[in-house]
Amino acid sequence: MGITFANSLTASAASEQLIDEARQEINQTLTDRRRGSGGDGTSFTIRTQTDLGNAADQTSRTLSILLASIACVSLVVGGIGIMNIMLVSVTERTREIGLRMAVGARGSDVLLQFLVEALVMSFTGGLLGIAAGTGVSNLMSKVQGWAVTVSPLSVILGFGFSAAIGIFFGWYPARKAAALKPIDALRYE
């Protein structure tokens, strides 16, 4: 007894405009044959290249959303790390801040100092992230044979986001440092 079924069939239409018509003809032929042999006539699936392309696009969109979500969580975690480091720095340097303010530094000077420190930390993280991303991309290109390019826009966006994270999460510690009263800061142990 031989095989009496097919796992898959491949067909092509004469032109792109005739794909739907060819799909309908194939569907009708297979339905008629399945019913004629005692089947229910619906135990098959017809997929076109358009269907496969749409599925690939949907998968790509889903992966992009997943990667963007992971990136957002990473940015928030990194920002919280910057804020914690800056809060510890403000606490450890309270006497220094008080001394600076006692000899004439304004609150805006102290605010600017701590914001610049937060920016430097975030830019350093951004540079390391860009270097790591470029390195992994190049490695995957060599190992997998994929064509990979790092666009200048992505590098600019990386720096922009790292600056925004530094300013956003560095603002509270910098504001806290700027709001210190010199006399209280000098008494701090």
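Pairs meeting the criteria (first residue in region 116-139 and touching a residue at least 24 places away in the same chain (Cβ under 8 Å), second residue of a type in the set (Ser, Thr, Tyr), beta carbons under 8 Å, at least 6 apart or on different chains) are 117/89; 122/162; 123/162; 125/162; 126/162; 129/162. Does residue 110 fit the bill of being in a helix (DSSP H, G or I), free of Cβ contacts under 8 Å to residues at least 12 places away in the same chain and of a type in the set (A, V, I, L, M, F, W, C)? No; evaluated as a whole, the condition is false for this residue. Residues of region 42-75 that are assigned to a helix (DSSP H, G or I), open to solvent by less than 70 Å² (accessible area, probe 1.4 Å) and under 26 Å from residue 8 (Cα atoms): 51, 53, 55, 56, 60. Comparison of 143, 73 shows that the only residue that is over 30 Å from residue 188 (Cβ atoms) and within 17 Å of the chain's Cα centre (by Cα) is 73. Checking 118, 147, 163, 178 one by one, the residue that is farther than 24 Å from residue 73 by Cβ and either in contact with a Cys (Cβ under 7 Å, 6 or more places away or on another chain) or open to solvent by less than 50 Å² (accessible area, probe 1.4 Å) (or both) is 178 and no other. Contact map, region 1-12: first residue modelled with pLDDT of 75 or more, second residue of a type outside the set (D, E, K, R) and open to solvent by less than 100 Å² (accessible area, probe 1.4 Å), Cβ cut-off under 7 Å, separation 6 or more or different chains; pairs are 11/22; 11/26.
The values are calculated or read from the model by the stated rules, or taken from the named source; none is laboratory data. The structure displayed is predicted, hence computed values, not measured ones. Because the Cβ atoms are built from the backbone with ideal geometry, glycine has one as well, and the counts that use them run over all protein chains shown. Keep in mind that these areas ignore ligands, DNA and RNA; they rest on the heavy atoms of the full protein, side chains included. Shrake-Rupley method; radii C 1.70, N 1.55, O 1.52, S 1.80 Å.
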